[in-house]
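Novice: Dropping a structure here in structure tokens format, bear with me for questions.
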Amino acid sequence: MDDASVSAPGPAALDLFSASALCLSPPPGKMAGIFGEGACTLALQALASPLLAGEAVVAVDGGNRFDPYAISRTASALGGDARAALSRIHLSRAFTCHQLERLLSERLAPELARRRSRLALVLGLHELFRDADVPYKEACALFRKSVSALKKIAESGVRVVLTGRPTAGDRACFFLHLARDARPLLLLRREDDGWSGTLRLDDRRSPILLRPGA
């Protein structure tokens, strides 16, 4: 789970909530990204609306970030049936980068087809590839296969949304690769007076700054 949460619907959270909702609809063939402290919670909150509208969602959790209460609380706040919303999301978990690669390369596309879902959420994709017990070269190969599988799914018309915490150190390249390619891209920061963010919709426009209390 995230170690932070973003409340909705407060004034500052509403701006971020709206920005995260934009990230649920990336352009065809693109993958959207929501990254930073509280990003997974915010992404799950944003899912409440499409789930309440009857849309099926397939989620893959690679960082132990899935929090059903983030969805149910938001669904209730929106005046909807939280239980019905949660019933429309199918979750698979991975605890190693090998498991995650197999989920994304072999099981995600068939599961999306089986559930007639056009929305996939992947939590903590890059985080499992930091495992020091996995040689760097092997981790890179698994990461490339995972991203390639997701790109094919995105190109098929499925909206693919990635979320998690930024990472540093000698394997920060995995996060940087995702952040470089993701559009829209929402980066969250914790401020003294709440959360702020930067939203980049595409490469041709300047980022939109979302400030606490704005």
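Novice: Counting Lys and Arg as +1 and Asp and Glu as -1, what is the net charge of the other residues whose Cβ lies under 12 Å from the Cβ of Val58?
Specialist: +4
Novice: Using only the Cα atoms, what convex hull volume per residue in Å³ does region 11-210 have? Can you show the working numbers first?
Specialist: Working: hull volume 23.0 nm³, N = 200.
For region 11-210, the hull spanned by Cα atoms encloses 115 Å³ per residue.
Novice: May I pose another question? Hey, any idea what the orientation-averaged projected area of the convex hull of region 20-64's Cα atoms comes to, in nm²?
Specialist: 3.6
Novice: Here is a further query. Just from its helices, what would the mean residue ellipticity at 222 nm be for the chain, if runs of 4 or more DSSP H residues each count -39500 (n - 2.57) and the sum is divided by every residue, rounded to the nearest 500 deg cm²/dmol?
Specialist: Details: 8 runs with 84 residues, N = 214.
Rounded to the nearest 500, it is -11500 deg cm²/dmol.
Novice: Over the chain, what is the relative contact order in whole percent, taking alpha-carbon pairs under 8 Å and six or more residues apart?
Specialist: 29
Novice: Right, next: Give the peptides 15-23, 141-149 in descending order of average Cβ contacts within 10 Å, highest first. Display every interim value, and only then the final one.
Specialist: On the way: 15-23: 21.6, 141-149: 17.7.
The packing order, highest mean first, is 15-23, 141-149.
Only the coordinates and a few stated rules stand behind these numbers; no lab work does. In this text, all values refer to a predicted model and were calculated from it rather than measured experimentally. Quick reminder, even Gly has a Cβ in these numbers, built from the backbone with ideal geometry, and neighbours come from all protein chains shown.
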